[in-house]
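The values are calculated or read from the model by the stated rules, or taken from the named source; none is laboratory data. Keep in mind the model is a prediction, meaning the values are calculated, not measured. Methodologically, a virtual Cβ is constructed for each residue, glycine included, from the backbone with ideal geometry; neighbour enumeration extends over all protein chains shown.
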Amino acid sequence: MTPSHSEHLPFMQDMQAALSQTPKSISPKYFYDPAGSLLFDQICELPEYYPTRTELSILQIHAVDMARFMGENVDIIEFGAGSLQKIRYLLKAAIKPSRYVPMDISGVHLQEASIELQKEFPTLDIKPLVGDYTNPWQLPSPLVGGGKRVAFFPGSTLGNFSPDQVAVFFRNCRQHLAGGALLLGVDLIKAPDILHKAYNDAQGVTAAFNLNVLARANRELGCDFDMTQFAHSAFYNAPLQRIEMHLLSLEQQVVHLNGVAYAFEQGETLHTEYSHKFTIAGLQQAAQEAGLQAGPVWTDPQHYFGLLWLNIPHQQETTS
Ligand code: AVI
């Protein structure tokens with residue numbers, strides 16, 4: 001691919017901006033090309049990465065209860081749907097679900113996963129949507145005579161948002177899902193060593209996932225990142241309640257993008273991701289500030305992960 005290839009223009013522009021600023025920082029959405037999506041699926045299977053299996057166990061135990069809150073003919077929208085593993089629990093428990101709209105940034109992955117899901121749920125109306133839900137939303141119109149519109153946002157992807165982006169996300173829910181609900185899966189605050197291990201796995205899969213951003217820039221943008229001279233760095237920032245992931249420059253070096261040279265000092269980093277950890281009360285408070293109403297919460301015995309039900313009032317309803 002040539003650097004001018006229009007398909008890669010947003011990545012090109014964002015990488016130019018990322019390398020020009022101090023400190024250098026790029027959106028985590030660029031992790032998820034086909035190679036990165038496969039690496040993320042591997043992360044979800046790692047012994048150290050507890051969020052996926054913990055959330056799955058909560059869904060397995062409580063899906064019937066969650067389905068009760070969804071009601072009949074539910075119209076489910078899933079953000080960051082990925083491999084469509086978690087939704088299976090809800091779809092099996094749901095009472096005559098009317099439609100399922102999985103939304104993800106990685107198109108190829110989403111199409112393949114949707115075809116597989118359709119085989120399991122042949123009568124369900126599945127409408128995959130390739131899109132970036134961190135930008136203004138474009139959702140399909142509500143179904144005429146359909147049931148409640150429920151957005152499912154699992155995996156603690158909300159944790160990858162900045163607090164401002166979280167507020168915008170809740171406001172978008174308020175605007176686009178009025179009268180419906182949000183079922184939100186989030187990683188909860190816990191002992192720092194457990195968090196640290198989850199992002200520094202022994203097999204180095206998370207390191208490969210992080211470094212894939214540079215490999216992707218080399219592939220798609222014609223950059224010349226020397227993959228041997230950057231290292232994965234992930235640590236828990238306790239005061240800010242977040243894991244920070246960076247790519248650490250091991251030496252003073254210069255990288256080129258589109259004919260422009262960008263310098264890295266030894267020890268300088270390209271920040272790639274925040275993964276915020278939450279308290280249930282803190283998150284409910286943030287949701288309430290955007291006009292959502294706290295409902296039931298399902299969690300695991302260790303309180304590692306939480307699934308929060310948030311009601312979204314009709315536009316005319318006032319909330320306290
Ligand atoms: C997708 N997201 C919620 C993951 C997380 O834990 O923040 C991405 C990830 N980054 C490193 N490991 C997994």
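Quick check on ALA263: is it part of a strand (DSSP E or B), among the small types (Gly, Ala, Ser) and over 30 Å from GLY185 (Cα atoms)?
Details: part of a strand (DSSP E or B): yes; among the small types (Gly, Ala, Ser): yes; over 30 Å from GLY185 (Cα atoms): yes.
When the stated conditions are applied, ALA263 passes them.
I want to confirm something. Restricting to segment 264-291 and keeping residues that are farther than 22 Å from LEU177 by Cβ and among the polar types (S, T, N, Q), which single residue is farthest from the ligand (Cβ to nearest atom)?
GLN266
Out of all the residues in segment 271-288, is one or more of a type in the set (Lys, Arg), in contact with a Lys or Arg (Cβ under 9 Å, 6 or more places away or on another chain), within 25 Å of SER156 (Cα to Cα) and not in a loop (DSSP other than H, G, I, E, B)?
The answer is no, given that none of the residues of segment 271-288 is of a type in the set (Lys, Arg), in contact with a Lys or Arg (Cβ under 9 Å, 6 or more places away or on another chain), within 25 Å of SER156 (Cα to Cα) and not in a loop (DSSP other than H, G, I, E, B).
Within segment 167-213, track down each residue that is β-branched (Val, Ile, Thr), assigned to a helix (DSSP H, G or I) and within 19 Å of the chain's Cα centre (by Cα). Steps first, please.
Quick first cut of segment 167-213, residues β-branched (Val, Ile, Thr) only: 168, 186, 189, 194, 205-206, 213.
Next, from what is left, pick out any that are assigned to a helix (DSSP H, G or I): 168, 194, 205-206, 213.
Answer for segment 167-213, where residues must be β-branched (Val, Ile, Thr), assigned to a helix (DSSP H, G or I) and within 19 Å of the chain's Cα centre (by Cα): VAL168, VAL205, THR206, VAL213.
What number goes with the only condition from (1) surrounded by fewer than 19 Cβ atoms within 10 Å (Cβ to Cβ); (2) among the charged types (D, E, K, R); (3) part of a helix (DSSP H, G or I) that ARG216 does not pass?
Among (1) surrounded by fewer than 19 Cβ atoms within 10 Å (Cβ to Cβ); (2) among the charged types (D, E, K, R); (3) part of a helix (DSSP H, G or I), the lone unmet condition for ARG216 is (1).
Could you pull out the residue among PRO122, PRO142 that is part of a loop (DSSP other than H, G, I, E, B) and free of Cβ contacts under 8 Å to residues at least 60 places away in the same chain?
Only one candidate passes the filter, namely PRO122.
To keep it simple, each residue is scored yes or no on (1) of a type outside the set (Lys, Arg); (2) surrounded by fewer than 23 Cβ atoms within 10 Å (Cβ to Cβ); (3) closer than 23 Å to GLN85 by Cβ.
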position: PRO154; (1), (2), (3): yes, no, yes
position: PRO163; (1), (2), (3): yes, yes, no
position: HIS176; (1), (2), (3): yes, yes, no
position: LEU184; (1), (2), (3): yes, no, yes
position: ASP193; (1), (2), (3): yes, yes, no
position: LYS197; (1), (2), (3): no, yes, yes
position: ASP201; (1), (2), (3): yes, yes, yes
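Can GLY159 be described as surrounded by fewer than 23 Cβ atoms within 10 Å (Cβ to Cβ), within 30 Å of PRO313 (Cβ to Cβ), within 13 Å of the ligand (Cβ to nearest atom) and touching a residue at least 12 places away in the same chain (Cβ under 8 Å)?
Here the answer is yes, as GLY159 does meet what is asked.
Would a scan of segment 34-42 turn up a residue that is away from the ligand (no atom under 15 Å from the Cβ), farther than 30 Å from ARG219 by Cα and either surrounded by fewer than 21 Cβ atoms within 10 Å (Cβ to Cβ) or aliphatic (A, V, I, L, M) (or both)?
Of all residues in segment 34-42, those away from the ligand (no atom under 15 Å from the Cβ) come to 34.
Still in the running and farther than 30 Å from ARG219 by Cα: none.
Within segment 34-42, none of the residues are away from the ligand (no atom under 15 Å from the Cβ), farther than 30 Å from ARG219 by Cα and either surrounded by fewer than 21 Cβ atoms within 10 Å (Cβ to Cβ) or aliphatic (A, V, I, L, M) (or both).
Taking the criterion of being more than 16 Å from the chain's Cα centre (by Cα) and closer than 29 Å to ILE194 by Cβ, would at least one residue in segment 7-19 satisfy it?
Checked against the condition, which is being more than 16 Å from the chain's Cα centre (by Cα) and closer than 29 Å to ILE194 by Cβ, segment 7-19 yields no hits at all.
For segment 193-232, enumerate the residues that are free of Cβ contacts under 8 Å to residues at least 12 places away in the same chain and under 17 Å from TYR30 (Cα atoms).
Of everything in segment 193-232, just one residue is free of Cβ contacts under 8 Å to residues at least 12 places away in the same chain and under 17 Å from TYR30 (Cα atoms), namely ASN218.
Which pairs do you get when a residue that is outside any helix (DSSP H, G or I), found in segment 17-30, comes within reach of a residue that is at pLDDT below 95, reach meaning Cβ atoms under 9 angstrom, with the pair 6+ apart or on two chains?
SER27/THR134
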